[in-house]
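Chemist: Structure below; questions to follow.
The values are calculated or read from the model by the stated rules, or taken from the named source; none is laboratory data. Here the structure is a predicted model, which is why all the values come from computation and not from measurement. Methodologically, a virtual Cβ is constructed for each residue, glycine included, from the backbone with ideal geometry; neighbour enumeration extends over all protein chains shown.
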Amino acid sequence: MIALDDLVAEQFYWARRRSGTDAERELQIVRVSSIFGSTREFLTIATVGSDQHYALDEFDIVEVVAQSVSEPPGSP
């Protein structure tokens, strides 16, 4: 897991929502967005393929997305 204090704006990460249905809690790629400002209190989590923004603490951040990733972490 990556601590929220270690997140970098505009970086992509593998993350899992902390609450919701099983489908909503599956690993997904998210981006730390600075659309509302670049200081920590304005950073949000943007889900890929959506204009939805969430609070940083609504997700568990698993790891940074590598340039050549094709499978989620832990896939066979």
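Chemist: Please specify each residue of segment 37-66 satisfying the condition of being touching a helix residue (DSSP H, G or I) at 6+ places or on another chain (Cβ under 8 Å), in a strand (DSSP E or B) and either aliphatic (A, V, I, L, M) or over 17 Å from residue 17 (Cβ atoms) (or both).
Modeler: 45, 61
Residues are listed down the side, and each one gets a yes or a no for (1) modelled with pLDDT of 95 or more; (2) surrounded by 14 or more Cβ atoms within 10 Å (Cβ to Cβ); (3) of a type outside the set (Gly, Ala, Ser):
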| residue | (1), (2), (3) |
| --- | --- |
| 22 | no, no, yes |
| 26 | no, no, yes |
| 34 | no, yes, no |
| 39 | no, no, yes |
| 43 | yes, yes, yes |
| 47 | no, yes, yes |
| 56 | yes, yes, yes |
| 68 | no, no, no |
| 72 | no, yes, yes |
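Chemist: Then there's this: Please tell me if residue 18 is of a type outside the set (Val, Ile, Thr) and either touching a residue at least 40 places away in the same chain (Cβ under 8 Å) or surrounded by fewer than 16 Cβ atoms within 10 Å (Cβ to Cβ) (or both).
Modeler: yes
Chemist: For residue 35, are the conditions met, namely being touching a Phe, Trp or Tyr at 6+ places or on another chain (Cβ under 9 Å) and under 14 Å from residue 61 (Cα atoms)?
Modeler: Considered against the rule, which asks whether it is touching a Phe, Trp or Tyr at 6+ places or on another chain (Cβ under 9 Å) and under 14 Å from residue 61 (Cα atoms), residue 35 comes out as no.
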